[in-house]
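Bear in mind that the values in this text are calculations on the coordinates, not laboratory data. For clarity, every value in this text was computed on a predicted model and none was experimentally measured. Cβ coordinates were reconstructed from backbone atoms using ideal geometry, including for glycine residues, and neighbour counts include every protein chain displayed.
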Amino acid sequence: MNMDINPSEYKILIVDDVMSNVLLLKVLLNNEKFAIATASNGRQALAQVEKENPDLLLLDVMMPDMSGFEVAQHLKADPKTKNIPIIFLTALNSTADIVKGFQVGANDFISKPFNKEELITRVYHQISLVAAMRVIDQKTRELEHTIEGRDKLYSVIAHDLRSPIGSIKMVLNMLLLNLPAEKIGPEMFELLTTANQTTEDVFALLDNLLKWTKSQIGRMNVVVQDFDAVEMLRGIIDVFNTVAAVKGIVLRYEGLDRLLVTGDMDMFKTVVRNLLSNAIKFSNEGTEVVIRLADKGSECEVSVQDHGCGISEVGQKKLLHTDTHFSTFGTKNEEGSGLGLLLCSDFVQKNHGRLWFVSKEGEGSTFFFTLPTKK
């Protein structure tokens, strides 16, 4: 017998109008330590199901007031009882009766007079399926609970963290603008600059985390529209010029003056921002980062090339896989979470594009992505 099942946790309802059959089945199943309930006709069976809430029915087919098939039809029509497995006890062996039995919801048949071992085996088989369903139900409840917890965490990240860090970011930006090095001394100025950069990084990470979570739980809709990719790229480059200048890096745009593409504008901006931020992070001082845009007919190709530390061959294999969650350090030990690239990959796919890269350790990397052009 299946040793994982504790029979005393399962109740079996025996329904037969012949009392000697009921007693025999009761003795056999009591010996196996199952909990037992009994009924001697169809109407009593339905009442007992409601009262006893059994895990399995052994149901005689031929009964005077109401056949086993009719009892089964009643039970299967009620959402509360439709999942209770039924083993029919029958002296009928014709194919038509067996087909009819399965049509009304039989899980199994046992022929009368029954073989003791066969009966016990078939009962255990059905109970093991019930046990498996119980485990599945429990796991489903646990999973729902976990998802609920994750959504609460998402809400905390979205509202309770993003807002105060955004405020700190603005204050530090203001202080940097209004307190030049000659006013507060180079050491304090450097501390302020570091604090400002750290806050910018944390805010960007939170933003990515927020978007990634939204995307993963299906709360992020793709809003498709036509927009000029060149205009978007130039706007993002303008914002990043300041960050790049701190490391003595020049950002250079190469390509078309105008190209209409089709996709989600915010997702496009997020992808470019992440790629540009990474390129600056992993670039050596005094180098340049080149942003290119090319028209490939039905799609455009955007690339961001840096002349930085590059990615090792081992790192390259891990980079765009969710399970490895690869992260590395920039040229000034700026830490990358690896989340930004996963988000980029996800967003590009959602916009019917592709994302890939080529990299050589010690020489730099180029990241590419495509987006459909306006038809």
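Here are some notes:
- Dividing the Cα radius of gyration of the range 221-375 by 2.2 N^0.38 Å, with N the residue count, gives 0.99.
- Computed extension gain for ILE136 through MET188, at 0.36 nm per residue and net of the alpha carbon distance, reaches 12.8 nm.
- Likely footprinting exposure, PHE357, PHE88, PHE282, fewest C-beta neighbours within 10 Å first: PHE357, PHE282, PHE88
- Think of each Lys and Arg Cβ as +1 and each Asp and Glu Cβ as -1; about the Cα centre, that makes the dipole of the chain roughly 380 debye.
- Within the listed set ALA279, ALA181, ALA96, the residue fluctuating most in the Gaussian network model of the chain (springs between alpha-carbon atoms under 10 angstrom) is ALA96.
- Nitroxide proxy distance, nm - points 7 Å out along Cα→Cβ at GLU50 and VAL243: 6.8
- Between LEU13, LEU153, LEU206, the residue with the greatest mean-square fluctuation in the GNM of the chain (Cα pairs under 10 Å linked by springs) is LEU13.
- Top positive-direction residue, dipole computed over the chain with Cβ charges, set VAL230, LEU293, VAL22: VAL22
- Taking the fewest neighbouring Cβ atoms within 10 Å as the starting point, the ordered list for TRP356, TRP212 is TRP356, TRP212.
- Counting only Cβ charges, +1 for Lys and Arg and -1 for Asp and Glu, the dipole size of the range 221-375 around its Cα centre is about 120 debye.
- Sum of side-chain charges, SER40 neighbourhood, beta-carbon under 13 Å (Lys, Arg +1; Asp, Glu -1): -2
- Between the beta carbons of ASN31 and LYS214, assuming R0 = 41 Å, the FRET efficiency works out to 0.10 to the nearest 0.05.
- Two-site FRET efficiency, ASN221 against ARG43, from Cβ-Cβ distance with R₀ of 56 Å, rounded to 0.05: 0.55
- For the chain, built as a Gaussian network whose Cα springs stay under 10 Å, the top-fluctuating residue of GLU182, GLU363, GLU200: GLU182
- Where both bridge residues fall in the chain, DSSP classifies roughly 55% of the beta bridges as antiparallel.
- Pair-distance profile P(r), taking every C-alpha pair of the chain, with 10 angstrom steps and integer %: 4, 18, 19, 12, 8, 10, 13, 11, 5, 1, 0
- Förster-model FRET efficiency, 22 Å R0, MET66 and HIS125, C-beta, rounded to 0.05: 0.25
- Dividing the C-alpha radius of gyration of the range 1-120 by 2.2 N^0.38 Å, with N its residue count, gives 0.99.
- Computed lengthening from SER167 to HIS145, 0.36 nm per intervening residue step minus Cα-Cα distance: 4.6 nm
- Computed over the range 192-235, Cα set: Rg, Dmax in Å: 15.0, 41
- Spread over its residues, the convex hull of the C-alpha atoms of the range 205-308 is 103 Å³ per residue.
- When MET63, MET265 are arranged by Cβ crowding within 10 Å, least crowded first, meaning fewest neighbours, the order is MET265, MET63.
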